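Trainee: The structure under discussion is supplied below as structure tokens; questions concerning it will follow.
The values are calculated or read from the model by the stated rules, or taken from the named source; none is laboratory data. All values derive from a computational prediction rather than experimental measurement. So basically every Cβ, Gly included, is an ideal-geometry build from the backbone, and we count neighbours across all protein chains shown. Ligands, DNA and RNA are excluded from the accessible area calculation, which covers all protein heavy atoms including side chains. Shrake-Rupley method; radii C 1.70, N 1.55, O 1.52, S 1.80 Å.
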Amino acid sequence: MNTDITIRNDIKPGDIGAIIKLHGDYYYKYNGFDHTFEPYVAIPLAEFVLRKNDNERIWIVEKESIIKGCIAVSCLDKNTAQLRWFLLDESVQGLGIGRKLIEAGLQFAKEKRYTRMILWTVDEQTKAIDVYIKNGFRLIEEKNHNLWGKEVNEQCYELELNKKNLTTASTL
């Protein structure tokens, strides 16, 4: 991995705004989402930060002290984790960082003894979906509706967390 790229778990002043902006800019550019997408990111992200739950974690990717991506594991219930806010700026894509983030999230979920993990995405996010499928996630639900200024097909993916799944995922 590039030496000027760091991944950290602590939240610093300005991080939340930077993560929201990164999502807003990226999804506008690549998916045509409007301004209503930012509150969709902002509200649960703020709640996540305020909870300070030991069973949740965020990974923040920085390049030259600028946030370029993130991923988080949040707690839905005692047994279910949700993978959230997985995004890498195009300037750091293709460097293996996404794979590393997914593996870190899966390992964390295993350590916290979650038995399953879900994530929501839109079908336009084909690169991310490929990563999810390579790590054993399977499509379990789809919703087609008007969100964020356009018609979207939201998809929910699930991974049953057990040693076999995690061992397979880490060898990809």
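Trainee: Residue 149's amide H: which non-local residues (gap 5+, or another chain) put their own amide H closer than 5 Å, with H modeled 1.01 Å from N in plane and none for Pro or chain starts?
Mentor: 34
Trainee: Hey, another quick one. Nearest 5 percent is fine: what portion of the DSSP beta bridges confined to the chain is antiparallel? Mind dumping the intermediate values first?
Mentor: Working: 33 of 36 bridges.
In the chain, approximately 90 percent of DSSP beta bridges are antiparallel ones.
Trainee: Among the lysines, select those whose C-alpha is under 20 Å from the C-alpha of residue 134, and discard any that sit fewer than 8 residues away in the same chain.
Mentor: Straight-line reach from residue 134, under 20 Å: 100, 110, 163, 164.
Trainee: Per the 1.4 Å probe, what fraction of the accessible area of the range 1-135, in percent, lies on carbon and sulfur atoms? List each step's numbers first, then the result.
Mentor: Values: 3570 of 6960 Å².
Using a 1.4 Å probe with all protein chains present, the range 1-135 comes out at 51 percent carbon and sulfur.
Trainee: Once both labels are modelled 7 Å past Cα along the beta-carbon direction, what's the residue 80-residue 162 spacing in nm?
Mentor: With each label placed 7 Å out from Cα toward Cβ, I get 1.9 nm.
Trainee: Further question on the same structure: Let me know the shape class of the range 1-63, please: from the alpha-carbon gyration tensor, a ≥ b ≥ c as square roots of the eigenvalues, rounded when a/c is under 1.5, otherwise prolate if a/b is greater than b/c, or oblate.
Mentor: Numbers: a/c = 2.42, a/b = 1.17, b/c = 2.07.
Oblate, since a/c reaches 1.5 and b/c is not below a/b.
Trainee: Most fluctuating residue of 140, 60, 129 in a GNM of the chain with Cα springs under 10 Å: which is it?
Mentor: Its mean-square fluctuation being the largest, the pick is 140.
Trainee: Using the heavy atoms of the protein chains and a 1.4 angstrom probe, tell me the accessible area per residue for the chain in square angstrom.
Mentor: Details: 9160 Å² over 172 residues.
Dividing the accessible area of the chain by its residue count gives 53 Å².
Trainee: Are any of the pairs 21/112; 52/127; 78/143; 12/150; 29/78; 21/78 more than 28 Å apart by Cα-Cα distance, and if so, which? List each step's numbers first, then the result.
Mentor: Numbers: 21/112 30 Å; 52/127 31 Å; 78/143 25 Å; 12/150 33 Å; 29/78 36 Å; 21/78 31 Å.
From 21/112; 52/127; 78/143; 12/150; 29/78; 21/78, over 28 Å: 21/112; 52/127; 12/150; 29/78; 21/78.
Trainee: I've got another one for you. With a/c under 1.5 counting as rounded, go ahead and sort the chain into rounded, prolate or oblate using the C-alpha gyration tensor (a ≥ b ≥ c being the square roots of the eigenvalues; past the cut-off, prolate if a/b is larger than b/c, else oblate).
Mentor: Details: a/c = 1.31, a/b = 1.10, b/c = 1.19.
It is rounded, given that a/c, with a ≥ b ≥ c, falls under 1.5.
Trainee: How many angstrom separate the Cα center of the range 82-129 from the Cα center of the range 25-58?
Mentor: 14 Å
Trainee: As an exercise, identify the GluC sites (Glu not before Pro) in the range 56-120 lying in DSSP coil whose Cβ has no more than 13 other Cβ atoms within 10 Å. Write down the numbers at each step before the final one.
Mentor: Values: sites: 56, 62, 64, 90, 103, 111; in loops: 56, 64.
Passing both the DSSP loop test and the Cβ count: 64.
Trainee: Run the numbers on the range 80-124 and let me know its relative contact order in percent, using alpha-carbon pairs under 8 Å that are six or more apart.
Mentor: Values: 22 pairs, mean separation 32.3, N = 45.
Result for the range 80-124 is 72 percent.
Trainee: Which of rounded, prolate or oblate describes the range 77-125 when judged by the alpha-carbon gyration tensor and an a/c cut-off of 1.5?
Mentor: Numbers: a/c = 3.53, a/b = 1.63, b/c = 2.17.
In terms of gyration-tensor shape, oblate.
Trainee: Run down the aspartates and glutamates and flag those whose C-alpha is under 19 Å from the C-alpha of residue 63, throwing out any fewer than 8 positions away in its chain.
Mentor: 4, 10, 15, 25, 89, 90
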